[in-house]
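Peer 1: I have a structure I would like to understand better, so I am pasting it below and will then ask my questions one at a time.
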Amino acid sequence: MITSLETFILHVPVTRNRIADSTHSITHWGMPGVKIMTDSEHVGYGFTGTHAHLDSDRLITDCISNCYAELLIGEEIDDPRKLWKKLAHNPPLQWVGRAGITTMALAAVDIPLWDLKSKYREEPLWQTLGGVSGKKVEAYNTDGGWLNFSQDMLVDDVKRLTQEEGYKSIKMKVGKPDPNEDIARIEAVRKAFGENVRIMTDANGRWRIPQNIETLSYLKDYDVTWIEEPLWHDDVAGHCRLAEIIETPIALGEMLYSFAHFNEFISSCGVKYVQPDATRLGGITEALDVCDLAYEHELPVTPHAGDMAQTQIHMSIAHQSIELLEFIPWITHCFEEPLKINSGYFEYPQMPGAGTTIKNECMQEFGRKV
Ligand code: 0YR
Ligand code: MG
């Protein structure tokens, strides 16, 4: 039975002090989250992912402690989906927000419920979700050659990731002010590594039709697996038009904060690679619903790693639509059982729970006042 909740905010430094994509420049990854205490020895941990702005992080932890906590005290944790419905179908909260702060807070609360359920069952979450050993989940690495790094650094990073660390797939950012620079960077990676590396590209919502159509059309010449978030996040019609014009498949989902929003994109054919983020769209519970929807439409799911894959590895092992999952190493050192990647594939977590148990020393070192 749930007895109390305690929120936290961690700000963990990113690689090399600062990274940038086409729309954001950040120094820390933010983890507003919550510990859920029970009348057993088990404690559940969950968090969402932000760009570490303390004031907006506090809106999320306030939402948890002021609005969700009282709905959970006294509840049993055997059925996270039942509790998810109690939290999500909540008229006062739906009035003030059906996406954003309320759903990120919901994610941060849903994940510890799954964490607790698996801890009670003494098994890793992928088993609780029906996963079996043997399936391979590939990791692709996004932590190379951010847009604030030079083309030489990009090539060096891809070399380290593929030749030293064993990744077969990497994602690089695009959306430089000068489109020729984007093409030159993609060409440099393709030339340096030939067909041995799978390249994904990510414009983080930067581009517009028709201004950037030429750059978008070039991507096919470099055998780019997907272009992620080519247009602004809410532009369903624009993505549909684009999908008809360019050959490179479209990936998106990290900025869609509800099942309904995914349903719009999927049913209107504006997306090929579906990228739910369980830390941003209402937790494991709602992300699983999106995975099922994608499966019905025969679309591959490649989750966006707002949790740096730490929790979503469990969902990825368990769900038949997922074979590829994003990885960024920023927060891995914070967990009792850090994720491990071997020759470009995730190892299976072994500890009971959702992989979210945070080390005390990380709470101390990176914790900010809620
Ligand atoms: C930095 N992954 C992403 C980072 C990353 C963002 O803004 O949050 O680039 O989450 O788009 O696919
Ligand atoms: Mg992205």
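The values are calculated or read from the model by the stated rules, or taken from the named source; none is laboratory data. No experiment lies behind these values; they were computed from the predicted model shown. Methodologically, a virtual Cβ is constructed for each residue, glycine included, from the backbone with ideal geometry; neighbour enumeration extends over all protein chains shown. When the accessible area is computed, the model is the full protein with side chains, heavy atoms only, and any ligands, DNA or RNA have been set aside. Shrake-Rupley method; radii C 1.70, N 1.55, O 1.52, S 1.80 Å.
Peer 1: With respect to the numbered conditions (1) crowded, with 22+ Cβ neighbours inside 10 Å; (2) hydrophobic (A, V, I, L, M, F, W, C); (3) more than 30 Å from ILE26 (Cα to Cα), which one is the sole condition not fulfilled by TRP95?
Peer 2: (1)
Peer 1: Select from segment 98-122 the residues that are open to solvent by 20 Å² or more (accessible area, probe 1.4 Å) and not in a helix (DSSP H, G or I) and list them in ascending order.
Peer 2: Answer for segment 98-122, where residues must be open to solvent by 20 Å² or more (accessible area, probe 1.4 Å) and not in a helix (DSSP H, G or I): ARG98, ALA99, GLU122.
Peer 1: Restricting to segment 258-300, count the residues that are among the polar types (S, T, N, Q), away from ligand 2 (no atom under 16 Å from the Cβ) and within 15 Å of MET104 (Cα to Cα). Working first, answer last.
Peer 2: Our first condition is that a residue be among the polar types (S, T, N, Q); within segment 258-300, this holds for 258, 263, 267-268, 275, 279, 285.
Among the residues that remain, those that are also away from ligand 2 (no atom under 16 Å from the Cβ) are: 258, 263, 267-268, 285.
Now narrow it down to the ones that are within 15 Å of MET104 (Cα to Cα): 258, 285.
Final tally of qualifying residues: 2.
Peer 1: Then there's this: Please go through segment 132-148 and pick out each residue that is in contact with a Phe, Trp or Tyr (Cβ under 6 Å, 6 or more places away or on another chain) and in a loop (DSSP other than H, G, I, E, B).
Peer 2: First, the residues of segment 132-148 that are in contact with a Phe, Trp or Tyr (Cβ under 6 Å, 6 or more places away or on another chain): 136-139, 141.
The answer is LYS136, VAL137.
Peer 1: Somewhere in segment 83-103, is a residue away from ligand 2 (no atom under 16 Å from the Cβ), within 24 Å of SER40 (Cβ to Cβ) and of a type in the set (Val, Ile, Thr)? Break it down into steps so the answer makes sense when it comes.
Peer 2: Here is the first cut: in segment 83-103, the residues away from ligand 2 (no atom under 16 Å from the Cβ) are 83-103.
From the residues that got through so far, the ones that are within 24 Å of SER40 (Cβ to Cβ) too are 83-87.
Add one more test, that the residue is of a type in the set (Val, Ile, Thr), and what stays is none.
Looking for residues that are away from ligand 2 (no atom under 16 Å from the Cβ), within 24 Å of SER40 (Cβ to Cβ) and of a type in the set (Val, Ile, Thr), one finds none in segment 83-103, hence no.
Peer 1: Related question: Quick check on this structure: which one of MET172, MET255, MET200 is within 18 Å of the chain's Cα centre (by Cα), within 16 Å of ligand 2 (Cβ to nearest atom) and open to solvent by 40 Å² or more (accessible area, probe 1.4 Å)? First the steps, then the outcome.
Peer 2: Numbers: MET172 fails: open to solvent by 40 Å² or more (accessible area, probe 1.4 Å); MET200 fails: open to solvent by 40 Å² or more (accessible area, probe 1.4 Å).
One residue alone meets the criteria, MET255.
Peer 1: Inspect all residues belonging to segment 248-261 and state whether any of them is closer than 18 Å to SER217 by Cβ, of a type in the set (Asp, Glu) and not assigned by TED's automatic domain parsing to the domain that holds ILE101. Spell out how you get there, then give the answer.
Peer 2: Just the residues of segment 248-261 that are closer than 18 Å to SER217 by Cβ, to begin with: 248-251.
Still in the list and also of a type in the set (Asp, Glu): none.
No, that holds for no residue.
Peer 1: Give the residue that is nearest to the chain's Cα centre (by Cα), with candidates limited to residues of segment 311-370 that are without any contact (Cβ under 8 Å) to a residue 40 or more places away in the chain and outside any loop (DSSP other than H, G, I, E, B).
Peer 2: Among residues in segment 311-370 that are without any contact (Cβ under 8 Å) to a residue 40 or more places away in the chain and outside any loop (DSSP other than H, G, I, E, B), the one nearest to the chain's Cα centre (by Cα) is GLN312.
Peer 1: Name the residues in segment 250-273 that are in contact with a strand residue (DSSP E or B) (Cβ under 9 Å, 6 or more places away or on another chain) and either polar (S, T, N, Q) or over 14 Å from HIS233 (Cβ atoms) (or both), would you?
Peer 2: Let us first name the residues in segment 250-273 that are in contact with a strand residue (DSSP E or B) (Cβ under 9 Å, 6 or more places away or on another chain), namely 250-254, 262, 265-266, 270-273.
Matches in segment 250-273: ILE266, LYS272, TYR273.
Peer 1: Residues that are crowded, with 18+ Cβ neighbours inside 10 Å, of a type in the set (A, V, I, L, M, F, W, C), more than 16 Å from ligand 2 (Cβ to nearest atom) and under 30 Å from ASP234 (Cα atoms): does segment 124-146 have at least one? Reasoning before the result, please.
Peer 2: Going through segment 124-146, the residues crowded, with 18+ Cβ neighbours inside 10 Å turn out to be 124-129, 131, 137-146.
Keeping just the survivors that are of a type in the set (A, V, I, L, M, F, W, C) gives 125-126, 129, 137, 139, 146.
Keeping just the survivors that are more than 16 Å from ligand 2 (Cβ to nearest atom) gives 125-126, 129, 137.
With the extra rule that they be under 30 Å from ASP234 (Cα atoms), the set shrinks to 137.
Yes.
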